[in-house]
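Read the figures in this text as sums done on the coordinates, not as results from a lab. Predicted model, so just to flag it, every value in this text is computed and none were measured. Here the Cβ positions follow ideal geometry from the backbone for every residue, glycine too, while neighbour counts run over all protein chains shown.
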Amino acid sequence: MLNSNLNQKVFDTDVEQQPIRKGYGEGLLAAGEADSQVVALCADLTESTQTHLFAKKFPERFIEVGVAEQNLASVASGMAAMGKIPFITSYAMFSPGRNWEQIRTTICYNNQPVKIAGSHAGISVGPDGGTHQAVEDMAITRVIPRMVVISPCDSVEAKKATVAAAKTDTPVYIRLAREKTPIMTTEETPFEIGKAELFYETKKPEVVIISTGALTHKALVAAHELGQAGGSNGAGIQVNVLNLSTIKPLDEAAIIKQAKLAGAVITVEEHQIRGGMGSAVAECLAKHVPTPMEFIGVDDQFGQSGKTDELLEHYGMTVEAIKKAVKRVIERK
Amino acid sequence: MPEITDKEIKTLEIKANEIRQSIITMLLEAGSGHTAGPLGMADVFTALFFHILNHNPKRPDWADRDRVVLSNGHICPVLYATMAHAGYFPMEELQTLRKFGSRLQGHPHREYLTMLETSSGPLASGLSQAVGMALADKIDNGVESHKTIYALLSDGEHDSGQIWEAAMLAGKNRLRNLIAIVDRNNIQIDGFTEDIMPLEPLADKWRAWNWHVQEIDGHNMEEIIDAVGKAKAVFEKPSVIIARTIPGKGVPDFERKFEWHGKPPNKEEAAMALNALRTLGGKIRSEHE
């Protein structure tokens with residue numbers, strides 16, 4: 001059943017929705033209020049990345065660099081070298097996409113605690129098309145030493161992640177999405193960098209779904225629906241859902257515990273299957289407790305224009321796709 | 001920055017000559033590395049570390065120190081040699097350049113040598129980092145700031161758009177606490193800069209980015225020191241000093257040859273180079289006497 005500290009209306013059709021990036025904007029403002037060393041830099045996307053909330057309140061601590069993401073990353077490194085806590089924001093495709101080497105060298109190799117927020121990640125950006133749909137960002141950030149990678153599931157968690165990131169002394173990548181998505185967590189839901197949270201728990205799980213980002217809502221719906229019916233004898237399939245908001249460092253203890261308990265794992269992410277969160281989970285399980293897995297994500301393709309739901313359907317990231325994957329993985333146990 | 005006497009200029013020239021000898025010795029021991037750029041920039045580094053900088057080698061983490069950001073990290077032999085001569089670390093350590101476990105990594109890495117301001121190697125990121133430092137200093141100290149951030153750039157890295165991005169941002173924010181010094185030696189790995197990707201009119205590019213521009217002889221101590229003094233007197237703009245240098249300067253057989261960009265001298269070449277440098281050093285000394 002649903003974790004008691006989550007939004008209990010999560011399965012209602014009128015569940016409140018908000019863009020994840022909005023939580024980032026509010027978190028950045030809160031971090032700026034809490035610590036005068038926090039500065040924000042943006043590359044000509046201030047409002048759409050929600051950095052404008054900070055920029056309006058603290059204009060003297062806001063730097064607009066123009067369409068120059070490589071400069072964005074390295075300028076932030078220089079500011080961090082002088083004691084600042086810089087947050088840099090653009091679309092994920094451009095930062096950490098276009099400026100990956102500057103992030104690797106001037107931020108991570110240099111050990112400067114710059115926080116990188118990549119908005120409009122995933123294919124749910126929709127009509128803008130494949131150029132703007134970052135589905136490789138977690139893969140390219142999690143391979144860099146020292147980098148922490150966080151992919152919040154909703155705006156409430158994004159705010160907590162942003163506030164928490166400001167207090168770390170490492171580089172952090174925070175993955176954000178553009179579209180409104182259901183709010184699953186509440187003020188009471190625990191959030192700690194590096195800790196996975198069990199969102200849906202059953203007595204004798206046959207499968208655990210490990211999910212990250214907004215698709216966690218679809219994972220919850222799938223688990224909920226499977227629990228009610230669909231088993232071979234007409235009974236439900238018991239499925240747990242683990243929300244993995246920190247991709248790196250990976251909460252190996254939680255993943256191993258759930259994999260041992262259920263004996264089968266599905267990973268769900270709005271990202272390339274190759275190199276993403278599912279790969280990180282597979283690396284962990286292959287080493288500690290080899291477990292049959294199925295991967296929900298983009299299968300080595302670029303995105304395209306369309307409505308969010310059309311694209312999720314086309315690329316196989318729906319509630320139905322998750323349910324089918326659950327049944328497939330059970331057959332492999 | 002104090003006024004400089006003829007005697008002090010000669011002292012700096014002798015120091016630069018000694019640093020050049022250290023560069024040859026360390027490159028020979030390392031067996032790999034860059035020769036032309038470090039020799040070419042020895043005079044600028046000497047002027048900075050022995051006359052211009054507000055720094056304390058015994059307290060490298062002193063918060064109010066001037067910052068030196070070396071963007072073209074591959075010329076680090078000159079940075080390491082100058083720092084050792086200035087007392088940042090023991091001279092013997094220079095012989096560990098590029099070796100396993102050394103603080104003197106092939107390209108500067110501040111995880112290993114913590115007194116470095118930045119790690120560098122991949123070109124064209126240093127100016128951005130210096131701009132970030134200058135912006136942070138401006139936020140903290142405004143016009144009261146007495147710090148100067150020095151960005152040392154190569155000419156070849158101006159091929160990269162990131163230099164343009166950083167230069168525009170500095171111009172926009174009128175970073176008077178920022179001085180860029182460009183090593184205008186006209187060579188890069190594949191050949192002469194004007195053949196690979198013409199940079200001229202280079203000074204006009206910087207003017208267009210709203211910088212105060214000076215062009216000097218990068219081997220003339222008095223011109224280097226005078227240019228930095230003038231740059232500090234500019235209050236409404238960042239400043240760039242385009243220092244015309246001769247790659248391989250001090251060793252006639254190496255001078256102006258782009259082949260010496262990325263290789264070290266062998267034993268015979270090093271002996272010849274040291275001989276040439278010692279002869280030059282003796283000449284500077286005798287002129288002084």
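Mean per-residue shielding of peptide B:165-174 is 4, counting Cβ atoms of other chains within 10 Å of each Cβ. Between rounded, prolate and oblate, where does region A:16-173 land on the alpha carbon gyration tensor, with a ≥ b ≥ c its root eigenvalues, rounded for a/c under 1.5, else prolate if a/b exceeds b/c? Rounded. Helix B:76-86 and the longest principal axis of the C-alpha atoms of chain B enclose an angle of approximately 90°. Put the Cα centre of region B:6-37 next to the Cα centre of region B:101-147 and the gap is 23 Å. Other residues whose C-beta falls under 11 angstrom from the C-beta of A:MET82 contribute a net charge of +1, scoring Lys and Arg +1 and Asp and Glu -1. Does chain B come out rounded, prolate or oblate, given a ≥ b ≥ c as the square roots of the eigenvalues of its C-alpha gyration tensor, rounded meaning a/c under 1.5 and, failing that, prolate meaning a/b above b/c? Verdict is rounded for chain B. Candidates A:PRO290, A:SER48, A:ASN111 compared by Cα position along the dipole of the protein assembly as shown: farthest toward the positive end lies A:PRO290, with charges placed on Cβ. A DSSP coil position with no more than 14 other Cβ atoms inside 10 Å describes the following trypsin sites (Lys or Arg not before Pro) in region B:39-92: B:LYS58. The longest stretch of chain A left intact once loop-based chymotrypsin sites (Phe, Trp or Tyr not before Pro) with at most 16 other Cβ atoms within 10 Å are removed from consideration, loops following DSSP, is A:12-301.
Report summary: the helix-based calculation at 222 nm, which adds -39500 (n - 2.57) for every DSSP H run with n ≥ 4 and divides by the residues of chain B, gives -13000 deg cm²/dmol. Net charge in the neighbourhood of B:ILE163 (other residues with Cβ under 12 Å of its Cβ; Lys, Arg +1, Asp, Glu -1) is -3. The overall shape of region A:197-331, judged from the alpha-carbon gyration tensor, is oblate: a/c is not under 1.5, and a/b is no greater than b/c. Applying 0.36 nm per residue to the separation of B:ASN54 and B:LYS10 and subtracting their alpha-carbon distance, the gain on full extension is 13.8 nm.
Each Lys or Arg adds one and each Asp or Glu takes one away; over the other residues whose Cβ falls under 13 Å from the Cβ of B:LEU97, this sums to 0. Residue by residue along A:110-117, Cβ atoms of other protein chains within 10 Å of the local Cβ number 3 on average.
A DSSP coil position with no more than 16 other Cβ atoms inside 10 Å describes the following trypsin sites (Lys or Arg not before Pro) in region A:197-299: A:LYS203, A:ARG274. By the helix-only formula, in which each DSSP H run with n ≥ 4 contributes -39500 (n - 2.57) and the sum is divided by residues, chain A has a 222 nm mean residue ellipticity of -10000 deg cm²/dmol. Helix B:126-141 axis versus longest C-alpha principal axis of chain B: approximately 50°, rounded to the nearest ten. Across peptide B:263-274, the average count of Cβ atoms from other chains found within 10 Å of a residue's Cβ is 0.
Evaluated with a Cβ-only charge set (Lys, Arg +1; Asp, Glu -1), region B:6-288 carries a dipole of roughly 540 debye about its Cα centre, given to the nearest 20. Comparing mean-square fluctuations of B:ALA63, B:ALA42, B:ALA81 from a GNM of chain B with C-alpha springs under 10 Å, the top value falls on B:ALA63.
The chymotrypsin sites (Phe, Trp or Tyr not before Pro) of region B:107-210 that meet both conditions, a loop assignment by DSSP and at most 15 other Cβ atoms within 10 Å of the site Cβ, are B:TYR112.
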